[in-house]
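Here's the structure, in structure tokens; my notes come after.
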Amino acid sequence: MADQKKPVLCLTFDNMGEAHNVFLGKSAVPDLKSPAITVGFPNILGLLAKYDLRATFFVEGWSALHYGDLIDSILGGGHEIGLHGWVHEVFANLPELTARQYINDGVEVMKLRDIRPAGFRAPGGMMGQYGYQILPDEDFSFDSSVDTPMPSELQLDVSEYAGDGLKRLPNGLVGVPWQWNMIEAMHYVLATNGLRNPADLAECWCQVIRNVADTGGFVTIISHAHVTGVDPERVAALEKVLNLALELGVDVLPAGLAIQRTEHLA
């Protein structure tokens, strides 16, 4: 066991505010009084502060433009901010020029807030045809998207799952992979067989954490302030997972810092 890799939990959060509703044509301006903003993010940031943890928040460019105080709170907690498209569009379906525009506009907005995002995660999860060509032009160093479409049902047997290794992408960036069953929204809302009970999801993810700790694995978790942060039972479930990770000696890290653990890079 002396040469075992240090186990890593890459802790990430997606989405902010009304961006996706703007994409859907349901909103036009930010709602600063929405529960996600007034309850969800404070609960998530409070949980991370309680354990002195850092995470990566993937934020849409439109959200970075409109939620400056919240961006400041995230940065003030020592967290990393990555780009999550422009208005949480279905990024994989974009034509090349639109994809380039959305990435460039997002980067430029973040520069106005003194943020230079190193990482990107495609809204909707999948990168599509053009993103991997565009990211190096905008000086990104890592991407956390996938090539597999969102499933209607999840793989719930995690007895053998110990995460995914980092990988070097053909464009030179580092890939930070994840699985759909490690997204809480898939369980609570989207998948037909998702674990709707937070206690059940906590136990499922705790089993993954035990596997990661036993094998020196690398796993990425994706949560959302508007899904987990607004519900005390869901916050408690995430806290149970984080607590176990810390107890078992798993490093809980934002993506950029996790990448520095190059022993996980294939």
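Being under 24 Å from Trp62 (Cβ atoms) and surrounded by fewer than 20 Cβ atoms within 10 Å (Cβ to Cβ) narrows it down to one residue among Asp147, Asp139, Asp143, Asp157; which is it?
Asp139 is the lone residue from the list that is under 24 Å from Trp62 (Cβ atoms) and surrounded by fewer than 20 Cβ atoms within 10 Å (Cβ to Cβ).
In the range 77-126, how many residues are within 14 Å of the chain's Cα centre (by Cα) and either part of a loop (DSSP other than H, G, I, E, B) or among the polar types (S, T, N, Q) (or both)?
The number of residues fulfilling the criteria is 11.
Being touching a residue at least 60 places away in the same chain (Cβ under 8 Å) and surrounded by fewer than 15 Cβ atoms within 10 Å (Cβ to Cβ) is the requirement here; does Lys111 meet it?
No: the conditions fail for Lys111.
Name every residue in the range 160-190 that is surrounded by fewer than 13 Cβ atoms within 10 Å (Cβ to Cβ) and in contact with a strand residue (DSSP E or B) (Cβ under 7 Å, 6 or more places away or on another chain), in order of residue number.
Answer for the range 160-190, where residues must be surrounded by fewer than 13 Cβ atoms within 10 Å (Cβ to Cβ) and in contact with a strand residue (DSSP E or B) (Cβ under 7 Å, 6 or more places away or on another chain): just Arg168.
Just to be sure before I move on: is Gly194 assigned to a loop (DSSP other than H, G, I, E, B), crowded, with 19+ Cβ neighbours inside 10 Å and among the small types (Gly, Ala, Ser) in the structure I sent?
yes
Kindly indicate the residue of the range 45-62 that is farther than 17 Å from Arg121 by Cβ and outside any loop (DSSP other than H, G, I, E, B) and also farthest from the chain's Cα centre (by Cα) among those meeting that condition.
Applying the filter and picking the extreme gives Lys50.
From the list Phe58, Phe23, Phe13, which residue is in contact (Cβ under 8 Å) with a residue 12 or more places away in the chain, crowded, with 21+ Cβ neighbours inside 10 Å and out of contact with any Lys or Arg (no Cβ under 8 Å at 6 or more places or on another chain)?
Phe13
Is one or more of the residues making up the range 75-85 over 30 Å from Gln207 (Cα atoms), acidic (Asp, Glu), buried (at least 16 other Cβ atoms within 10 Å of the Cβ) and in contact with a helix residue (DSSP H, G or I) (Cβ under 6 Å, 6 or more places away or on another chain)?
Scanning the range 75-85, I find no residue that is over 30 Å from Gln207 (Cα atoms), acidic (Asp, Glu), buried (at least 16 other Cβ atoms within 10 Å of the Cβ) and in contact with a helix residue (DSSP H, G or I) (Cβ under 6 Å, 6 or more places away or on another chain), so the answer is no.
Return a yes/no flag: does the range 180-187 have any residue that is over 17 Å from the mean Cα position of the chain (by Cα), farther than 30 Å from Ile134 by Cα and modelled with pLDDT of 95 or more.
No, the conditions are met nowhere in the range 180-187.
Considering each residue of the range 218-266, count those that are part of a strand (DSSP E or B) and either surrounded by 22 or more Cβ atoms within 10 Å (Cβ to Cβ) or modelled with pLDDT of 95 or more (or both), and give that number.
Residues flagged as part of a strand (DSSP E or B) and either surrounded by 22 or more Cβ atoms within 10 Å (Cβ to Cβ) or modelled with pLDDT of 95 or more (or both) within the range 218-266 amount to 10.
Based on this model, can you work out whether Glu233 counts as in contact with a helix residue (DSSP H, G or I) (Cβ under 7 Å, 6 or more places away or on another chain) and acidic (Asp, Glu)?
yes
The values are calculated or read from the model by the stated rules, or taken from the named source; none is laboratory data. Quantities reported herein were computed from a predicted structural model and do not represent experimental measurements. Glycine gets a Cβ as well: all are built from the backbone with ideal geometry, and neighbour counts include every protein chain shown.
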